[in-house]
Structure formats: C-alpha cells, structure tokens
1. Per-residue counts of other Cβ atoms within 10 Å, averaged by peptide: what ranking do you get for 190-199, 173-182, 126-135, highest first?
2. For Lys134, go through the aspartates and glutamates and keep the ones whose alpha-carbon is under 15 Å away, minus same-chain ones fewer than eight residues off.
3. Hey, with R₀ at 41 Å, roughly what FRET efficiency would Thr13 and Val200 work out to, going by the Cβ-Cβ distance, to 0.05?
4. For a test of the definition: using alpha carbon positions, the gyration tensor, and the 1.5 limit on a/c, classify region 52-200 as rounded, prolate or oblate.
5. Mind ordering 111-122, 147-158, 51-62 by average Cβ neighbours within 10 Å, highest first?
6. Need one number: % antiparallel among DSSP beta bridges in the chain, to the nearest 5.
7. Pairs of alpha-carbon atoms within less than 8 angstrom and 6+ residues apart define the contacts here; what relative contact order does the chain have, in percent?
8. Heavy-atom accessible area per residue, region 80-185, 1.4 Å probe: how many Å²?
Amino acid sequence: MESTPWAFDRPITSPFAQPRGLAGRLAGLFMLLTNEQRELVALIDAGEGDHVLEVGYGPGGLVRMLAKGPSACICGVDPSPDMRDLAGRRHRADRRVDLRIGAADAIGFGDGVFHRVVSVNNVALWPDLGAGLKEFRRVLRPGGRVVIAWHGGSAPGRIARKLTLPEDKLAMIAAALGEHFADVTRHELTTLTVFTGMSV
C-alpha cells in the first residue's frame with residue numbers, strides 16, 4: 001500500500017514520484033534533462049573537504065554537479081533502486097561518491113557526518129515532514145547547512161508552475177525547519193523555492 005505524502009490528501013503514484021521500471025527510468029531521464037540546478041549549487045556552497053548528502057537524488061543531476069566541486073564526499077539516499085542504478089553509472093570509479101537506498105526519515109548514515117544535507121523536489125512527497133527534518137538534523141554536523149528545494153521560484157516553467165505548493169504548505173515547511181534548525185531563510189531561485197537553515 002502506498003503511503004500518503006504529508007502535503008497531499010492521496011498517495012502519489014506518478015513515475016516521477018515513485019520511479020520504477022521502464023516508466024520510472026524514462027521519468028528519471030526526463031528529470032535529468034529538465035531540472036536546472038546550477039543556482040542551487042551556489043546556494044549549497046559546499047567547500048573544500050565538505051561531506052554533502054543529497055536525499056532523493058533521483059537520476060543524479062545534482063550529484064554530477066557536486067562531484068565537479070571541492071567536496072571530499074558526495075553521498076545520497078533514494079528509495080528507488082532504478083534511480084540508484086541510473087545515478088550511479090557515471091560515478092562507479094569515483095570513490096568520493098556513495099549512493100545508497102534510503103529515505104528522508106531513514107537516512108542510514110551516522111550522526112553528525114555531513115556539512116550539507118540537500119533535498120530537491122521531494123520534500124512534499126515525504127510521508128512525515130517532521131520525521132524527515134529530525135533525521136536531517138541528526139546527520140548534520142553543528143554549523144552544517146540544510147537546503148530544502150521544491151518546484152517554484154521567480155520564473156518557473158510550465159510544468160513547474162503546476163507543481164508549486166500553496167503558501168500554507170510552504171509555511172509549514174518553514175515552521176517545521178524552524179523547530180529543528182536556526183536561521184531559516186526562504187530563497188526564490190529561477191525555478192525553485194528553497195529554504196535553508198543551520199544546524200546548532
């Protein structure tokens with residue numbers, strides 16, 4: 001039985017939300033081609049030697065960008081084995097990249113491992129917003145940054161406009177972040193609405 005995301009009133013069965021099989025792999029390739037995340041890399045601001053975790057890495061577009069930077073380790077968890085296979089193809093020989101099966105509320109890495117924890121276009125699909133953010137806080141080091149992004153921004157494309165969350169849901173994300181992190185800030189990138197916070 002599919003779980004119901006906290007932001008919706010019904011289970012989401014789209015191959016973009018639950019990528020598996022041929023439809024899921026095609027959805028992953030579409031996401032890889034259409035999700036522009038260069039602005040987000042700058043906001044993540046991973047420095048030399050940082051350990052970065054992406055929760056819900058999907059086809060691995062952001063992982064590819066981060067792997068070109070100075071981070072010591074780029075890790076990821078995603079519930080889809082198909083996305084792990086798709087995202088991992090390019091990084092088989094890169095020992096800095098570690099992609100695993102997992103979820104926002106069951107990350108599986110140890111306490112205080114990461115300097116940055118990032119989620120892009122999947123926060124609204126989590127079954128439990130608070131449980132996910134509590135797990136983010138657990139794996140972040142003191143002074144680490146959390147980055148939560150969802151479809152939106154100042155100039156979203158046609159598809160993204162249909163996926164934007166209403167203001168009451170965005171306010172719920174901000175409030176839940178405030179329960180676990182300091183300095184919570186909302187940013188409007190071109191195609192993403194992003195919240196950042198700091199672990200204390």
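The values are calculated or read from the model by the stated rules, or taken from the named source; none is laboratory data. Being a predicted model, the structure only gives us computed values, none of them experimental. So basically every Cβ, Gly included, is an ideal-geometry build from the backbone, and we count neighbours across all protein chains shown. Side chains are part of the model used for accessible areas, which takes the heavy atoms of the whole protein and leaves out ligands, DNA and RNA. Shrake-Rupley method; radii C 1.70, N 1.55, O 1.52, S 1.80 Å.
1. Working: 190-199: 20.8, 173-182: 17.0, 126-135: 19.0.
Peptide ranking by packing, descending: 190-199, 126-135, 173-182.
2. The reachable aspartates and glutamates, counting only those whose Cα sits under 15 Å from Lys134, are Asp105, Asp111, Glu179.
3. According to the calculation, E is roughly 0.60.
4. Because a/c hits 1.5 or more and a/b fails to exceed b/c, region 52-200 counts as oblate.
5. Details: 111-122: 21.8, 147-158: 18.7, 51-62: 25.6.
Result, highest mean first: 51-62, 111-122, 147-158.
6. Working: 13 of 33 bridges.
The answer is about 40 percent antiparallel.
7. Over the chain, the number comes to 19 percent.
8. 49
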